[in-house]
4 protein chains.
Amino acid sequence: MANTMKAVRLSADWKPRPGFKLGSKDIEKRQTYLGSRVWHDPRLSIESVPVPKPGPGQVLIEVKACGICGSDVHMAQSDDQGYILYPGLTGFPCTLGHELSGIVLEAGPGAVDKNTNKPFKGGEAVCAEEMLWCGTCKPCADGWPNHCERLDEIGFNVDGAFAKYIVLPAKVLWSLQPLQEAYPADQVFKLGSLCEPTCVAYHAVIQRGGGIRPGDTVAILGGGPIGLAACAILKRQGAAKVILSEPAPERVAIAKKLGIEHIINPLKESFSERLLEITHGMGATLYLEATGLPGVVYPEVEKAIWEGRTLNSTVVVVARADAKIQVTGEVLQVRMARIVGTQGHSGHGNFPRVIQSMAGGMNMLPMITKEITIDQVPENIVQLRTDKKESKITCIMK
Amino acid sequence: MANTMKAVRLSADWKPRPGFKLGSKDIEKRQTYLGSRVWHDPRLSIESVPVPKPGPGQVLIEVKACGICGSDVHMAQSDDQGYILYPGLTGFPCTLGHELSGIVLEAGPGAVDKNTNKPFKGGEAVCAEEMLWCGTCKPCADGWPNHCERLDEIGFNVDGAFAKYIVLPAKVLWSLQPLQEAYPADQVFKLGSLCEPTCVAYHAVIQRGGGIRPGDTVAILGGGPIGLAACAILKRQGAAKVILSEPAPERVAIAKKLGIEHIINPLKESFSERLLEITHGMGATLYLEATGLPGVVYPEVEKAIWEGRTLNSTVVVVARADAKIQVTGEVLQVRMARIVGTQGHSGHGNFPRVIQSMAGGMNMLPMITKEITIDQVPENIVQLRTDKKESKITCIMK
Amino acid sequence: MANTMKAVRLSADWKPRPGFKLGSKDIEKRQTYLGSRVWHDPRLSIESVPVPKPGPGQVLIEVKACGICGSDVHMAQSDDQGYILYPGLTGFPCTLGHELSGIVLEAGPGAVDKNTNKPFKGGEAVCAEEMLWCGTCKPCADGWPNHCERLDEIGFNVDGAFAKYIVLPAKVLWSLQPLQEAYPADQVFKLGSLCEPTCVAYHAVIQRGGGIRPGDTVAILGGGPIGLAACAILKRQGAAKVILSEPAPERVAIAKKLGIEHIINPLKESFSERLLEITHGMGATLYLEATGLPGVVYPEVEKAIWEGRTLNSTVVVVARADAKIQVTGEVLQVRMARIVGTQGHSGHGNFPRVIQSMAGGMNMLPMITKEITIDQVPENIVQLRTDKKESKITCIMK
Amino acid sequence: MANTMKAVRLSADWKPRPGFKLGSKDIEKRQTYLGSRVWHDPRLSIESVPVPKPGPGQVLIEVKACGICGSDVHMAQSDDQGYILYPGLTGFPCTLGHELSGIVLEAGPGAVDKNTNKPFKGGEAVCAEEMLWCGTCKPCADGWPNHCERLDEIGFNVDGAFAKYIVLPAKVLWSLQPLQEAYPADQVFKLGSLCEPTCVAYHAVIQRGGGIRPGDTVAILGGGPIGLAACAILKRQGAAKVILSEPAPERVAIAKKLGIEHIINPLKESFSERLLEITHGMGATLYLEATGLPGVVYPEVEKAIWEGRTLNSTVVVVARADAKIQVTGEVLQVRMARIVGTQGHSGHGNFPRVIQSMAGGMNMLPMITKEITIDQVPENIVQLRTDKKESKITCIMK
């Protein structure tokens, strides 16, 4: 094994906007929780960096596949003042990439495989959470790692997986063995790289939204990767009807490959009217806001809840947005409804269940619309600023 | 027993506003789901009416106590165009009064006492739900009687309890026997008349809000009857701290009698700042919006959730309001929070548990700040339009 | 329409065993809660009886299909002392049959279709609950109709559906319209007649067992109609693996038609060993005891829980049995497990969700292994005493 | 600070019984998961040992109070063949003691106080979990630390708190600051030492049992420390009636100090009959088996569930026992009941909620019936083999 490797790196200048103050977890010139307030002039490059070594509790992984996420795009994109668009935790320079799968090469001391409850021995196919939860703060102790108070994030402030190798704590790895039993070898790592975004959707609709009962109807607003994954998961959970609201034909095409039959084009028809038509006036039990445009879609969701006869419905808000949601309390009251927020993908058995679901037949491969090499990652990150045709662009490591 | 009895009656003229159309459950000149769109010139009176007879499944009750509710006030109050303020189900003329307790006098065939699973025999002390759920529509069949699609309401479109006697279906009655074991005779029926509003609060925080675990902290916004009852219930459920936001000194005085120690005066101090101070920066697990002013209070609730470290908190919206709630989705996401609506008090074991809680020590009598006779009911209904000093005005029948 | 109709009737003699006392709901010579203690010499016949008339809240249904249930067999079968085997609520003579579907012919006053919230007008395709819950006792008021304290049961103490027509309260009917949209006409009523047993399984695993999350693994012990329906439901809910323990090849064949891949033959291999092998040592999240032989199967279930690594598993006990279940508390403790009992199918949205699940693709038709006419019902009820090859024998009414 | 300190140590000989094999986590001559199969001739002593130093993520605590637990007694007690009675994880020689409170003296790098989310600085009053969950195995990653697959236990295989000082990972410590606000200084650490056993009861009835709703009735079988703590917790949660079954007058006296009014002496009266009498035939919603004698008490619990009208009740099994529980499935079915097992106290917000509940008024001090010095610990551990009069004997460190 060589000592150095290629990696897709993001650099930027520490140039805080006026009024910015270092937060409790910020580190001068290195790391901040408020990326878009600090980092200026982002620059993508492919560099040669040293191959890392696994420490205690860590493993070295040979990366096999890694998807590009919207946050990769926003970290590398600047506003008209030159600041990056991504508002969250960031520490540059940093190797990007957090939707990864790979093979364990070497394990540090005490690095245990959760799948076997034995030390990693090398050769295991794995995927990884993106969140490096500390395991010792109050939220972690309470069982809520997605709200860790001392979080690190792979590919944001810790070197990520657009590289030949990556070192990660064993505790965030999940075995892909069930996929190896169920899919051809070349598909295992692609599916593995889809686990992270699929788990975001799973956490949203199953853990936070409470899921549905077989025979319920659901409506997903927005056919980006999270919305599409939610469609597949809820169909898998027995939804009688999965209804997707999405105008883009490329995304609708993927939805159809995932088995989704009911599509509403909200630019051409009224979401609420069409939903009530499809459901014979009942409406849906679960609504997922995955557009990032709550100002546009929530009035229609509310109308569907108000006019539909379904009680006890849940609106899950997964997409981040600046706009306020204008909520009519009486709708929540008369229809016994609720609104919940969701973030993250860790904990709660999400990863092993997503992997088992894929192994059991929930084939998410249609989500990947383009496969690229590591050398093509920077240009594709740039291209995704404007290109809305692709769903998931995935880097296949050779 | 005489053939006639005194009753507090509300009459009004059927004079639909322009554009009004009869709804599916409306009855021309008799009943509507949209009271404030139809009823004009409301008139309160004390009249002599026939004593009703119990039919199959019904009982005749001698009323012992009945509280005045805010909706009684709004039914009898007109706007500047002469229409009643109350927007909901109404059928006039009607005897008002729905927060009642009394003694069973006579039972129709098949009228069973749920407390004993035997026919009523007379002499049983009972209180009543206000909602005459049909028991046969889809929500009722699903176990959600508060959302009955064929609802009647005592004292709204069915003759109520500001009268010597009332006939009610046995299925909405609940035995006060536990109170008879625990309280002096003269207090049993007063407590019984408080069951209905207390159950509205119980349903809101326990059934819909999911309750708390012992050691959690809660914040109640608004010290009207529902807010105060919620304070008592959550203290009973083991809240480490119950924090009430309420400016009116009369209401604060009642809260203190109910054992509430932490009061915030939102006119003099910031709710969010004071809450975070009391909770050492943690915030609350459950927030109850019981003011009817979400535009005023929700921003402060949201600030407390955002700045506090408590995860998984719930905002329960019980007060009706026209104003939108301006919700920041990111607060729900980052803090793993949710918003739920609530209405009603029926089903879910609410009534027997409230009665047992009162019997076990949750003494709600401080809620009653004034006792009146039936002859004084009309003037007190009028007085409550402006008088905010009283909490619960209760008619004691002789 | 004729005034009389053919019906499959069961008669028996009221001949209480020594020591029997009339219970609170028993009626001398007519009805008892303890069938096997009272009824002697059961006799099946096909008789001509008057066509019933629908009263208030009732409808007249033309029966289209009705399945034979094990309890039909046990009511008509006597022990060596001549008493019927069925131990529960019975009132003879009675028309048998409770797994029914049909078409509404005529509606009494106030008979509302839950599907439309409007009066039945005739022509609606429906199926029915078997339990005539009273809607007014404490369990019914609390939302638990399966535990009604004043229950009547179709085909047990109230005339059932092995007849040309039946009168039923509208509140226990459920529209088959979703099936009409999804299946050919001749399959709709067959599927409709399967709703009742499927709902028993749905209530067991979804409502009482709490269901699973997509990606979990389940084990069903016993491939009778309830066990098979549970397999289909849990596969529909996203089980990664559904594992059925069943020795009879005819039942295994049906399971395979329902899409079940993993079969254990407990007569030829160890259930626990095979289960742990299939699940790579993990075990299952939900176990359904549907054999009626807990003495035989529970030790193996317990072993699987103890040796498997799965935590938080649930054992649902649906089959009735006299034998005690020998439970090792430490297994429940160390594996964070639980045991729950289940009975019934009413309430909780079970029926509409089962119907929607069937409409959405959960095709239960392989459950029906034999179709007969009404004239063949008595002989088939007798045949089922010994014949274990058939799954569901269904009477198709012409 | 001295370099050495007094400690209560337990030594024993590694002398495996015939047929014993080293398990996956066992360490030859040092540690086993099956204590009673291996350790011979236990010997208690007070020794001088080095004061430990805190490593990364650890703190040094000056112990202030530590209670004696039944497992301390069983580790130091041998059967007639000379083997210790305690069957679980043990590694000798070991300093005993795990129900501790104390003051933080010194923090290693990265040792964070969950209460403040800042590094420990010294001077903080804390108590500790007994379970050193690894935080990286599958159960830990899923949020179930009580079922950690790589557990260490304070005072069992890791040096405990019957010593002047102890070193512990910061992640298992919980701040006693709320108690410092609410109680006199000398009571804070006594209450702190009661947190661990109280959390076992809290986890049992609240997390695993699902708790109750205010107004429900509960029955606790067995008035040992866990049973008594459960009484206090459920009273705090709003139980209308807390009913304790316990024959020993000393334990009953403590229960009364904790506010428990209803006591059943099962040696003098029938538990089920008396329970049904107290509850007017209803029975209880939650039953806690805390006697360790399920063969004796479960038949009575089952009888109470069967004959009572309460549905949906839960039996929580917390006491360990070899005897099987003889469960009648039909009781669970007809009464919609369930049985759950529980172990441990970690995670799920248990500790902070118990501390806040104590601070809010749940005064557990009556649990401590005897205070001793460290020198008296060995003799009291021996005395507890036979002495059933004491509830909690607590070592107060000077």
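A few points about this structure:
A quick yes/no check of all residues on (1) more than 30 Å from D:Glu273 (Cα to Cα); (2) surrounded by fewer than 22 Cβ atoms within 10 Å (Cβ to Cβ); (3) away from chain C (no Cβ under 13 Å):
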| site | (1), (2), (3) |
| --- | --- |
| D:Ile305 | no, no, no |
| D:Arg335 | no, no, no |
| D:Ile355 | yes, no, yes |
| D:Thr369 | yes, yes, yes |
| D:Ile372 | yes, yes, yes |
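- Of the helices (runs of 4 or more DSSP H) lying entirely inside the range A:136-247, those carrying at least 1 residues that are within 14 Å of another protein chain (Cβ to nearest Cβ) and closer than 30 Å to B:Arg213 by Cβ are A:138-142, A:185-202, A:225-236.
- Any hit, the range B:237-252, residues being closer than 30 Å to C:Thr136 by Cα and buried (at least 24 other Cβ atoms within 10 Å of the Cβ): yes
- Scanning the range D:311-322 for residues that are within 7 Å of chain C (Cβ to nearest Cβ) and within 13 Å of C:Arg338 (Cα to Cα) yields a single hit, D:Val317.
- Sole residue being of a type in the set (D, E, K, R), under 18 Å from B:Val205 (Cα atoms) and out of contact with any helix residue (DSSP H, G or I) (no Cβ under 6 Å at 6 or more places or on another chain), chosen from B:Arg338, B:Arg274: B:Arg338
- Yes/no for B:Thr285 being closer than 30 Å to A:Ser346 by Cβ, more than 9 Å from every other protein chain (Cβ to nearest Cβ), touching a residue at least 40 places away in the same chain (Cβ under 8 Å) and open to solvent by 20 Å² or more (accessible area, probe 1.4 Å): yes
- Among the residues examined, A:Arg274 qualifies as in a helix (DSSP H, G or I), at pLDDT 95 or above, among the charged types (D, E, K, R) and surrounded by fewer than 24 Cβ atoms within 10 Å (Cβ to Cβ).
- Odd one out for A:Gln343, checked against (1) surrounded by fewer than 20 Cβ atoms within 10 Å (Cβ to Cβ); (2) under 18 Å from A:Ala201 (Cα atoms): (1)
- Among residues that are open to solvent by 50 Å² or more (accessible area, probe 1.4 Å), among the hydrophobic types (A, V, I, L, M, F, W, C) and within 13 Å of chain D (Cβ to nearest Cβ), C:Leu293 is included.
- Pairing residues of the range C:15-33 that are within 21 Å of C:His147 (Cβ to Cβ) with residues that are among the small types (Gly, Ala, Ser), at Cβ distances under 6 Å and at least 6 apart in sequence or on separate chains, gives C:Gln31/C:Gly91; C:Tyr33/C:Gly23.
- Within the range B:253-271, tally of residues that are part of a loop (DSSP other than H, G, I, E, B) and either in contact with a helix residue (DSSP H, G or I) (Cβ under 7 Å, 6 or more places away or on another chain) or surrounded by 14 or more Cβ atoms within 10 Å (Cβ to Cβ) (or both): 6
- Filtered residues of the range C:70-93 (kept if part of a strand (DSSP E or B) and either under 18 Å from C:Val382 (Cα atoms) or open to solvent by 10 Å² or more (accessible area, probe 1.4 Å) (or both)): C:Ser78, C:Tyr83, C:Ile84
- Number of residues in the range C:110-137 that are hydrophobic (A, V, I, L, M, F, W, C) and open to solvent by 30 Å² or more (accessible area, probe 1.4 Å): the value is 1.
- Criterion: more than 25 Å from the chain's Cα centre (by Cα) and over 19 Å from D:Val340 (Cβ atoms) - qualifying residue of D:Gly281, D:Gly224: D:Gly281
- Selection status of C:Cys140, open to solvent by less than 30 Å² (accessible area, probe 1.4 Å), within 21 Å of C:Ala65 (Cα to Cα) and in contact with a Cys (Cβ under 6 Å, 6 or more places away or on another chain): no
- Boolean, B:Lys25 is open to solvent by 60 Å² or more (accessible area, probe 1.4 Å), out of contact with any helix residue (DSSP H, G or I) (no Cβ under 8 Å at 6 or more places or on another chain) and more than 24 Å from B:Ile226 (Cα to Cα): no
- Condition check for D:Ile393: farther than 19 Å from D:Ile226 by Cα and either open to solvent by less than 30 Å² (accessible area, probe 1.4 Å) or polar (S, T, N, Q) (or both): no
- For the criterion of being away from every other protein chain (no Cβ under 11 Å) and at pLDDT 95 or above, D:Ala359 fails.
- Residue match in the range A:94-106 (condition: outside any strand (DSSP E or B), in contact with a strand residue (DSSP E or B) (Cβ under 8 Å, 6 or more places away or on another chain) and open to solvent by 10 Å² or more (accessible area, probe 1.4 Å)): no
- The lone exception for C:Pro56 - which of (1) outside any strand (DSSP E or B); (2) in contact with a Phe, Trp or Tyr (Cβ under 9 Å, 6 or more places away or on another chain); (3) over 23 Å from C:Asp322 (Cα atoms); (4) open to solvent by 20 Å² or more (accessible area, probe 1.4 Å) it fails: (2)
- Annotation note: of A:Ile393, A:Ile325, the sole residue that is in contact with a strand residue (DSSP E or B) (Cβ under 6 Å, 6 or more places away or on another chain) and within 14 Å of chain B (Cβ to nearest Cβ) is A:Ile325.
- Residue check, A:Ala107 at the interface with another protein chain (Cβ under 9 Å from one of its Cβ atoms), farther than 20 Å from A:Ile68 by Cβ and hydrophobic (A, V, I, L, M, F, W, C): no
- Exactly one residue out of A:Lys29, A:Lys25 is more than 25 Å from the chain's Cα centre (by Cα) and outside any strand (DSSP E or B): that is A:Lys29.
The values are calculated or read from the model by the stated rules, or taken from the named source; none is laboratory data. Because the structure is a prediction, the values reported are computed rather than measured. Virtual Cβ from ideal backbone geometry, glycine too; neighbours counted across all protein chains shown. Please note that ligands, DNA and RNA were not included when accessible areas were found on the heavy atoms of the full protein model with its side chains. Shrake-Rupley method; radii C 1.70, N 1.55, O 1.52, S 1.80 Å.
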